[in-house]
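Before any comments, here is the structure.
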Amino acid sequence: MILSRPVRTQPFGIVEGEIKLTTYETAISAGHFGPYGGRFVPEALTAALDELDAAFRSAIIDPDFIDRLTKLEVSYTGRPSPLTKADRFAEHCGGARIYLKREDLNHTGSHKINNAIGQALLTQRMGKTRMIAETGAGQHGVATATAAALLGLDCTVFMGEEDTRRQALNVVRMQLLGAEVFSVTAGSRTLKDAINEAMRDWVASVEKTHYVLGTVTGPAPFPEMVRYFQAIVGREAREQIQAAEGRLPDAVVACVGGGSNAIGLFSGFMDDATVQLRGYEAGGDGVETGRHAARFAAGSPGVLHGARTYVMQDTWGQTIASHSISAGLDYPGVGPEHSWLHDTGRAKYEAVNDDEAMAALALLSRTEGIIPAIETAHALAGAMRVGRELGPDSLIIVNLSGRGDKDVATAARWFGIGAPAGIEMAEGR
Amino acid sequence: MSRRLAEVFAQTRSTNRAALIGYLPAGFPTADASVELMNAMIDSGVDAIEVGLPYSDPLMDGADIQFAVAHALSGGTTTEVVLDVVGRLDGDRAAILVMSYWNPIERYGVERFATRLKAAGGNGVITPDLTWEEAGPWLAATAGAIDTIFLVAPSSTDDRIKTVVKKTSGFVYAASTMGVTGARSEVGAGAQGLVARCRLATKLPIAVGLGVSTGSQAHEVAAYADGVIVGSAFVRCIRAAPDLPAAISAVRALAGELAEGVKR
Ligand SMILES: Cc1ncc(COP(=O)(O)O)c(C=O)c1O
């Protein structure tokens, strides 16, 4: 099953053909989500963002583009991804029925490939020959390097030094795929600093280079565009749950780094008032310790990396470094659409600490035979809370955003278990 | 336009030279030292000072300025300290501008920042990540009192330049190359063409920045622009100096060389 993709002549406002715009979509004005979003960028990038915006809008009404994208989704990524009922895991979720949307089974092992392939096709459409990307967990870097290899484009990935260490497997994957991996030693040496460095590269290289942002953050049109490429997750899940259960879920649950896997799932249910949208950000050592990445629990509206959104910042508007065991959630900002969903109350966000997430990782591994990424484990811990809250017979979909291969060294340290041969162990817990 | 920048450009024009605009982050290497260094720059021929407000994520800046602002932040350079530095500069002999990424100003409060900057003797603001589209509240809060200098870049279309210069006051900041701040061996070849495109759209003075570091580069730019902006080169000579007195004399020497250079 591949669901037909909505084709529009205008992104917002005007409805053509059989495609009906959701009331949610009509409430967004291009580039802004309520007071959030926008474009806070150097003038030098304005032309490139305008070009991207035009390329994106023309592509999504071009049947050839949609056809190419859809074919790759099916034959390369392996879509649709299954919706797996997780009965043994559900026993720990207050009697709720739990379904896992299996983005971990996509080629490269996470939802990130949905966006990377879409933007790689746009890169070609704009006549550009090089892609750059930031990456935290390495999944977006791997996805971009993969799409670059597939389409014959050059690729450079910026990754914080701390993340190259904790996600070493993905560094090697990117290199094998032919990408250049640039280790960033500025600031907190994590995702935030990788984005700064990618932006600096982009300002200087923009004529031939497209910046493949990996999540729903950044200046317009990135949040809207990445959402478009990830929306397939929600479309499939909606169809699949109706086929399996004959009804919509009571809640859909996802982890929120920048927020792309969450927006992808949420977007399928945005206008279904009975479906709760639940996002889980990284609580790190605990929100009260200050060592976390809980933008909604402990941040405030500000401007970071090109958009107005919730940001972890001090009294003076300086960004506060985030902390999480999960490289992919270790970011002090969040996609602007989530800020708006938060303020309007449409979605609810909570923090999950490192220990709770790691317990959920172990639990899913042992009850379902699925080792999730540590990012994803935050969503699983969230689902356990939501299940207990909504009670027996409630129906919940969790976005299983990625698989955990990249995290085995961290998990081995955390649980004090033996290292698989060939994986280097650092001293630690 | 606030009178001050207009005066500066009228004066440099009448003496047949381009205005020399020098940047340093407040708090680098300390608040007091940055005041001394910037006053030494003014004393050695700089016509306008850009006081950098250090920010945690300076994504338009190259290695030298990244280093300097990180140093300033770790030394506790808050927005209050920056405003205090502004107030201690020799505003009789130079126009005083603040260069800041947008979030610290928004966080401080747009009107509050405008009021406090004016009270401290500031004449204008340059915001490298704020384009006019998002600047409504700021422009409303500062109209007539503080100049807002927007940037144009080689990638800006003619149509866009037309709009940007209408929103700009004081002068237009023309980025010489596509790239971040940093001393370069050559000033971008696109700079002259960009200035020419701006001239078709505005009578405002046009200053060229990014990459200028020597007297001869300044001279080259002064042939077609009304102002020459130098930042990383000042930071560099301070980084290279063993102590404050040496830094002050290095900064004086560079400012002197550049001030010769901007004569036509
Ligand atoms: C498996 C997985 N899930 C989630 C995330 C978080 O990103 P986002 O919030 O954009 O989905 C990442 C990011 O690296 C990831 O690798």
- Query: Which one of A:I320, A:A294, A:M270 has its Cα pushed farthest toward the positive end of the charge dipole of the range A:264-334, where Lys and Arg give +1 and Asp and Glu give -1 at the Cβ?
  - Reply: A:I320
- Kindly write out, for the range A:235-251 in residue order, the coupling ³J(HN,Hα) from the Karplus curve 6.51 cos²θ - 1.76 cosθ + 1.60 (θ = phi - 60°), rounded to whole Hz, with x marking Gly and Pro. 4, 5, 4, 4, 5, 5, 6, 5, 5, 7, 10, x, 7, 7, x, 7, 8
- Partner aspartates and glutamates for B:K167 [C-alpha distance under 12 Å; skip if fewer than 8 residues away on the same chain]: B:E133, B:E134, B:D147
- Message: Can you tally the net charge around A:F222? Count Lys and Arg as +1, Asp and Glu as -1, for every other residue whose Cβ sits under 12 Å from the Cβ of A:F222.
- Response: -2
- Note on the structure: Per the rule of 0.36 nm per residue minus the C-alpha distance, extending A:T274 to A:D154 adds in nm 38.7 nm
- Student exercise, the range B:3-261 dipole from Lys, Arg, Asp, Glu Cβ charges, in Debye to nearest 20: 620
- Order the following by accessible area, largest value first: A:T315, B:T168. Probe radius 1.4 Å; ligands, DNA and RNA are ignored. A:T315, B:T168
- Message: Counting only protein heavy atoms, probe 1.4 Å: which residues of the range B:163-187 lose 20 Å² or more of accessible surface in the full assembly compared with their chain by itself?
- Response: B:M178, B:G179, B:V180
- Interchain or sequence-distant (5+) residues whose placed amide H lies within less than 5 Å of the amide H of A:A347 are A:H342
- Message: Are there any residues in the range A:41-65 with a reduction of at least 20 Å² in accessible surface when going from the isolated chain to the assembly of protein chains? Probe 1.4 Å, please list them by number.
- Response: A:V41, A:P42, A:E43, A:A44, A:T46, A:A47
- Message: So, R0 is 60 Å and r is the distance between the beta-carbons of B:T163 and A:Y76; what FRET efficiency does that work out to, to 0.05?
- Response: 0.90
- Item | Cα-centre dipole for the protein assembly as shown with unit charges at Cβ (Lys and Arg positive, Asp and Glu negative), debye to 20 | 880
- What ³J(HN,Hα) values, in whole Hz, does the Karplus curve 6.51 cos²θ - 1.76 cosθ + 1.60 give for the range A:346-353 when θ = phi - 60°, with x put for Gly and Pro? 5, 10, 10, 10, 9, 9, 10, 6
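Before rounding to the nearest 500, sum -39500 (n - 2.57) across all DSSP H runs of length at least 4 in the protein assembly as shown and divide by the residue total; then give [θ] at 222 nm in deg cm²/dmol.
Helices in the protein assembly as shown give a 222 nm mean residue ellipticity of -13000 deg cm²/dmol.
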- Query: Which FRET efficiency, nearest 0.05, do A:L248 and B:Y224 yield, Cβ-Cβ r, R0 60 Å?
  - Reply: 0.40
- Task: Using only the Cα atoms of chain B, build the gyration tensor, take square roots of its eigenvalues as a ≥ b ≥ c, and label the shape rounded, prolate or oblate: rounded if a/c is under 1.5, else prolate if a/b is larger than b/c, else oblate.
- Result: rounded
- Task: For the range B:193-264, give the magnitude of the charge dipole about the Cα centre (Cβ charges: +1 Lys/Arg, -1 Asp/Glu; no others), in debye to the nearest 20.
- Result: 260
- Message: On a 29 Å Cα-Cα criterion, which of the cross-link pairs A:K101/A:K348; B:K203/B:K263; A:K192/B:K203 come out too long?
- Response: A:K192/B:K203
- Taking A:240-250, A:258-268, A:106-116 and ranking on average Cβ neighbours within 10 Å, highest first, one gets A:258-268, A:106-116, A:240-250
- Message: Which of the three applies to chain A, rounded, prolate or oblate, going by the alpha-carbon gyration tensor with a ≥ b ≥ c and a/c under 1.5 meaning rounded?
- Response: rounded
- Message: Quick check on the range A:108-232: take the gyration tensor over C-alpha atoms, sort the square-rooted eigenvalues as a ≥ b ≥ c, and tell me if it's rounded (a/c under 1.5), prolate or oblate.
- Response: rounded
- Note on the structure: With a 1.4 Å probe and ligands and nucleic acids left out, the total accessible area lost when A pairs with B, in Å² to the nearest 100, equals 2800
- Note on the structure: Karplus ³J(HN,Hα) for the range B:210-217 (6.51 cos²θ - 1.76 cosθ + 1.60, θ = phi - 60°; Hz, whole; x = Gly/Pro) runs 5, x, 7, 9, 10, x, 6, 5
- Message: Cut-off under 18 Å on the C-alpha distance; same-chain residues fewer than 8 positions from A:K406 excluded. Which lysines are left, in chain and number order?
- Response: A:K112
- Query: When you look at the Cβ of every residue in B:102-112, what mean number of other chain Cβ atoms sits within 10 Å?
  - Reply: 4
- Of the options B:V208, B:P242, B:Q66, report the single residue whose Cα projects farthest towards the positive end of the charge dipole of the range B:3-261 (beta-carbon charges: Lys, Arg +1; Asp, Glu -1). B:V208
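The values are calculated or read from the model by the stated rules, or taken from the named source; none is laboratory data. Being a predicted model, the structure only gives us computed values, none of them experimental. Positions of Cβ are generated from backbone atoms using ideal geometry, with glycine treated the same way; all protein chains shown enter the neighbour counts. Each accessible area value is taken on the protein alone, full model and side chains, heavy atoms only, with ligands, DNA and RNA left out. Shrake-Rupley method; radii C 1.70, N 1.55, O 1.52, S 1.80 Å.
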